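Here, each number is a calculation from the coordinates, and none is a lab measurement. Owing to the predicted nature of the structure, the values given are computational and were not obtained by experimental measurement. Note: ideal-geometry Cβ built from the backbone for every residue, glycine included; neighbour counts use all protein chains shown.
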Amino acid sequence: MHRAVFPPDEYATLQTSITDMVTALDLACHDSMDPPDAAPLTVVHRVRTGRRGRPRVEIDPQFLSAALDLRGPTGIAPEIGVSARTVRRAALRAGLVQPGAPVFQSRTNSNGELEVVHTSTAPPVSVVSNEELDRLLSETLEVFPQFGRRMIRGHLKSQGYRIPRDRITASYLRVHGAPAIFGDRQISRKKYRVPGPMSLAHLDGQHGLIRYKIVIHCIIDGYSRFVLGIRVHNNNRGASVLRLLLDVIALHGCPSRMRGDHGVENIEVAAYMERVKGSGRGSFIWGRSVHNTRIERLWYDVTHGFGKKWKVFFLDLETNHGLNPTRPGHIWLLHHLFLASINRDALDWCEAWNSHQLTVRRQRERSPRDLFTFGMLREGPRGISSFLAAEDEEIEDINEYGIDWEANAEPELMAHLFENNPDERTNNTDPFASSSTPANLSEVLCEPPGCPFTPRQLQLLDLRLSASVDLFSRNMNVRRLVWVRALQIAQEIQQGTVQ
């Protein structure tokens, strides 16, 4: 109505400014839904030394040690409000780094001319020959055959190796061959947003190995995609899922809220969250699996990381080596031989995932561990007051909170979801229901068989097996021999031909 009052350029500026203010207010409202448990973490202190001049800046050595493993001084400095040079000096005083050469040095070249040489201040890379690097990549791809270059780099970093990206790429080409080519996809969708780390955690179970009475349960932080905990179980009980959450809480604190699907196995976790964090605030948000795609996206990577390898292995045992998944004794033997190995793969995959680089919009590539650590510093701590009464924050739409709409639009990801959750294609829930608590829960039964042997027979099985095959090898061909030999010994014990 008043458009004619303002010159066109001034009116355009007013429109832009109002839009920016409304956006800022929306973001502030969203972030205020889940305030931090305490004041921002203080890792920088100013100490008066009694000398003239400004107080000396002290940085907490424990924080600095962990931060330097994730970023250099230039990346740490803006997060804690000091200069990169101050970070470097603090690291030197704490003995976390060694003094480096001057950034620019004058040297005389072979022609007798004076030239200025730049010295890198990046962390030292690991001294590894091409042959040794190829061996490391071969071992990694033997355990995780579907790993790409980013996950390989994350796995090597979790093992203590710092290898330049170009060397990993060259070694990958030598060991694996040319990778597939992917192009960038620029699609505008509603963005996933939560206030900070531990504001919302996603919980789910993956049933890709359910035929063999094996379920993988995982909890992931929604803000950073940091895997808080992952475990392979021989059951789908609520007590097992709750135990995983309690172990996560012991390490990282209790999330402000959790989102899970309508599985019966989530009841104990939901009850715990309602009891500890309070009821009526969405402490546990029930929803369909298609609305829990923050972790469903992760299952795609888990399957390609190590789940598919084990499924193919078990199918081969069925087809060619006598495994019968309908016989409880065979399933017990499978668990006895390989459940710990699958858990080891899961933990190694978790370390690689948390260390690999993610593409973050309008930012440098960061690992989930980096996003979790510095997000806690920047957005405030959450999860540290696990057993204090939660504040009664309000969320505009609790059912929509924590849905990754971008993941819902990825055909390959959704195909993987429906393959493992076929009931999601035909959701028969009440379309007019107003409560976030489901009227009906789904149950995936998975109970482990009992041990068919006496303690003495079990000891005999393990002794004879360890004497004939390598039980610690991670090579799948050796593991195939382990199964064949174990099945043979088990049959002999049951028939009484071995005493």
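Of note:
- Between residue 15 and residue 308, residue separation times 0.36 nm minus the direct Cα-Cα distance comes to 100.2 nm.
- Sparsely packed GluC sites (Glu not before Pro) within the stretch 229-303, loop by DSSP, other Cβ within 10 Å at most 10: none
- Under the Debye formula (equal points on every Cα, no solvent term), log10 I(q)/I(0) of the stretch 44-93 at q = 0.29, 0.32 Å⁻¹: -1.17, -1.35
- GluC sites (Glu not before Pro) lying in DSSP loop within the stretch 50-138, provided at most 16 other Cβ fall within 10 Å: 113
- Size descriptors for the stretch 455-495: radius of gyration and Dmax over Cα atoms are 10.3, 31 Å.
- If R0 is 41 Å, the Cβ-Cβ spacing of residue 271 and residue 211 corresponds to a FRET efficiency of close to 0.85.
- If the chain linking residue 492 and residue 476 were pulled fully straight, counting 0.36 nm for each residue of separation and taking away their Cα-Cα distance, it would gain 3.3 nm.
- Nearest-0.05 FRET efficiency for residue 84 and residue 251, computed from C-beta distance (R0 25 Å): 0.25
- This ranking places 446, 451, 254 by how few other beta-carbon atoms lie within 10 Å of each, fewest first, which gives 451, 446, 254.
- The stretch 130-175 shape via C-alpha gyration tensor axes, a/c threshold 1.5: rounded
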